[in-house]
Amino acid sequence: MAIRDLRDFLAVLDTAGELHRVDAEVDSELEISCITDRQSKLPGGGKALLFQNVKGSSHPVATNLFGSPSRMALALQVEHLSLLSGKMEQLLAAPESAPAPTLVGQAPCQEVIERHPNLGRYPFLKSWPDDGGRFITLPLVFTRDPETSLVNCGMYRVRIFDDGCVGIRWKQGSGGFAHHSKYLAAGLPMPVAIAVGAAPALTLAAMLPLPERLDEVSFAGYLNGTPVAMVPSLGSALQVPAEAELVIEGVIDPGATRYEGAFGNHTGSYDPGEEVPLVRVTCVTRRKDPICPATVVGPPPMEDCYLAKAAERLLLPLLRRQCPEIVDLVMPVEGIFHGCAVISIEKKTAGQGRRVLESLRGEGWLKRGKLLVVVDETRERLTLAHGFWQALNAVRFPADLVVTPDGCLGVDATGKFPEEGGEQKQLLQPDASVSAQVERRWREYGFH
């Protein structure tokens, strides 16, 4: 059965014993995030949390939903995250298999319409003591290109300023940033819709740097095995997920900005924040009893680490199309998405490791990685331990280091051919006949 919305996912987690309900009263300012942080640091990522009694609000909060490999696999309905690479390969081979969204006339996300928004009634979190305020940390931000009409669904943090204004932080190079730049250049108001609480597949899709030919909503439908239901928003031509918990509609007037304030980040320190586009909220639509999902960002391990592991498996096929010699990659959780990656390649020619580094630095989703390490392919699936072991034994300092002007480091830790100044090394391999004998007699030794 497809997981169509947040409630389906919570039911799946509950059945799997992965959901913990908190009945005690908790505060959305600092307390929920503190509980979530502590839970996410437990072995295996702790439990998904549903806070049912939030101080000052009648709406529950759900956190740490994706905070373990098992919950991430449940969210995407696969036995293991490694299977996601095969699913992406199949989609790239047949892009038409991504189902277009279906348009509906009535939707749960519009059961209640608030023409006079009061965002203070919703328990969006303040996670860290010196945060500038409350943020929506799992928003699905929908925008439309004013020239091509193509739609983008991205995940950009949203700062709650007051009952009727929010700010959106999108990074340069993102779809939302590109759309806003065009509206700004044309001097036009920009419609925006911010959905909160949707199917897990759409939440993940909004985080991914997908190829232009793959829109996020269709991709989510492919992952989910069924098209995503969408409904027209009330104030613009944008469409929003019909099964969302709530939707904030608004407009960015040309040039309107406001300072968002500090935000506690995965670096373990505060991002000082910046001037961000200011959204004038025109209405809020919601379910009668919305649940507000949130993620807490901070020092790993936290929920975003496991979202990144799913992204790793989904985006590997894209890297292989960029550099066909790539065999595998592994991203340590401490890197959070693209901060660090170890990439194994099938090396056939001199200089190939460095050329892969140059290609990855030039384009694609790893180009901003602070540390990229290229190693030779392994017999088994690449692991972080094996990758670094191999790198430390193969790298020549400083010849194999590539430092970019913006301070990012690339390491060509592949074995070097004679024309690269290397020497032929004989790799350790057990005697084949003895290995076969040991395999045959394994139980005889008392092992099982």
Give the residue, chosen from 411, 356, 375, 438, that is β-branched (Val, Ile, Thr) and over 30 Å from residue 314 (Cα atoms). 438
State which residue is nearest to residue 291 (Cα to Cα) when the search covers only region 89-98 and only residues that are open to solvent by less than 50 Å² (accessible area, probe 1.4 Å) and touching a Phe, Trp or Tyr at 6+ places or on another chain (Cβ under 7 Å). 98
Would you mind telling me which numbered condition in (1) at pLDDT below 90; (2) within 10 Å of residue 373 (Cβ to Cβ) residue 410 fails? (1)
In region 299-345, what residues are farther than 25 Å from residue 75 by Cα and β-branched (Val, Ile, Thr)? 326, 327, 342, 343, 345
Residue 189 passes all but one of (1) open to solvent by 60 Å² or more (accessible area, probe 1.4 Å); (2) free of Cβ contacts under 8 Å to residues at least 40 places away in the same chain; which number fails? (2)
Checklist (1) closer than 30 Å to residue 69 by Cβ; (2) surrounded by fewer than 21 Cβ atoms within 10 Å (Cβ to Cβ); (3) in contact with a strand residue (DSSP E or B) (Cβ under 9 Å, 6 or more places away or on another chain); (4) not basic (Lys, Arg) applied to residue 209, failing item: (3)
With the checklist (1) within 19 Å of residue 81 (Cβ to Cβ); (2) among the polar types (S, T, N, Q); (3) in a loop (DSSP other than H, G, I, E, B) in hand, flag the one item residue 349 doesn't pass. (1)
Mind checking whether some residue in region 364-371 is out of contact with any His (no Cβ under 8 Å at 6 or more places or on another chain) and more than 28 Å from residue 76 (Cα to Cα)? yes
Scanning region 92-117 residue by residue, those under 24 Å from residue 54 (Cα atoms) and out of contact with any strand residue (DSSP E or B) (no Cβ under 8 Å at 6 or more places or on another chain) turn out to be 108, 116
Across region 99-131, which residue is nearest to residue 240 (Cα to Cα) among those that are surrounded by fewer than 19 Cβ atoms within 10 Å (Cβ to Cβ) and of a type in the set (Gly, Ala, Ser)? 105
Within region 269-300, how many residues are within 30 Å of residue 8 (Cα to Cα) and among the charged types (D, E, K, R)? 4
Just for region 68-119: of the residues that are among the hydroxyl-bearing types (Ser, Thr, Tyr) and over 17 Å from the mean Cα position of the chain (by Cα), which one is nearest to residue 300 (Cα to Cα)? 97
Might you check whether a residue that is in a loop (DSSP other than H, G, I, E, B), surrounded by fewer than 23 Cβ atoms within 10 Å (Cβ to Cβ) and within 19 Å of the chain's Cα centre (by Cα) occurs anywhere in region 328-335? yes
Could you please tell me which pairs satisfy a Cβ distance under 8 Å, a separation of 6+ or placement on different chains, a first residue in region 254-282 that is farther than 22 Å from residue 189 by Cβ, and a second residue that is aromatic (Phe, Trp, Tyr) and modelled with pLDDT under 95? none
Subset of region 367-412 that is polar (S, T, N, Q) and open to solvent by less than 60 Å² (accessible area, probe 1.4 Å) - its residue that is nearest to the chain's Cα centre (by Cα): 404
Counting just the residues of region 42-67 that are modelled with pLDDT of 95 or more, out of contact with any Ser or Thr (no Cβ under 9 Å at 6 or more places or on another chain) and under 18 Å from residue 302 (Cβ atoms), which one comes out most open to solvent (accessible area, probe 1.4 Å)? 42
When only residues in region 159-180 that are assigned to a strand (DSSP E or B) and in contact (Cβ under 8 Å) with a residue 60 or more places away in the chain count, which is nearest to residue 368 (Cα to Cα)? 168
Within 24 Å of residue 323 (Cα to Cα) and among the acidic types (Asp, Glu) - does that describe any residue in region 422-442? no
Just one of (1) touching a Phe, Trp or Tyr at 6+ places or on another chain (Cβ under 6 Å); (2) in a strand (DSSP E or B); (3) not hydroxyl-bearing (Ser, Thr, Tyr) trips up residue 209, so point out which. (2)
Checked region 163-186 for anything under 28 Å from residue 6 (Cα atoms) and open to solvent by 60 Å² or more (accessible area, probe 1.4 Å); matches are 163, 171, 177
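The values are calculated or read from the model by the stated rules, or taken from the named source; none is laboratory data. Quantities reported herein were computed from a predicted structural model and do not represent experimental measurements. Because the Cβ atoms are built from the backbone with ideal geometry, glycine has one as well, and the counts that use them run over all protein chains shown. Side chains included, ligands, DNA and RNA excluded: accessible areas come from the protein's heavy atoms. Shrake-Rupley method; radii C 1.70, N 1.55, O 1.52, S 1.80 Å.
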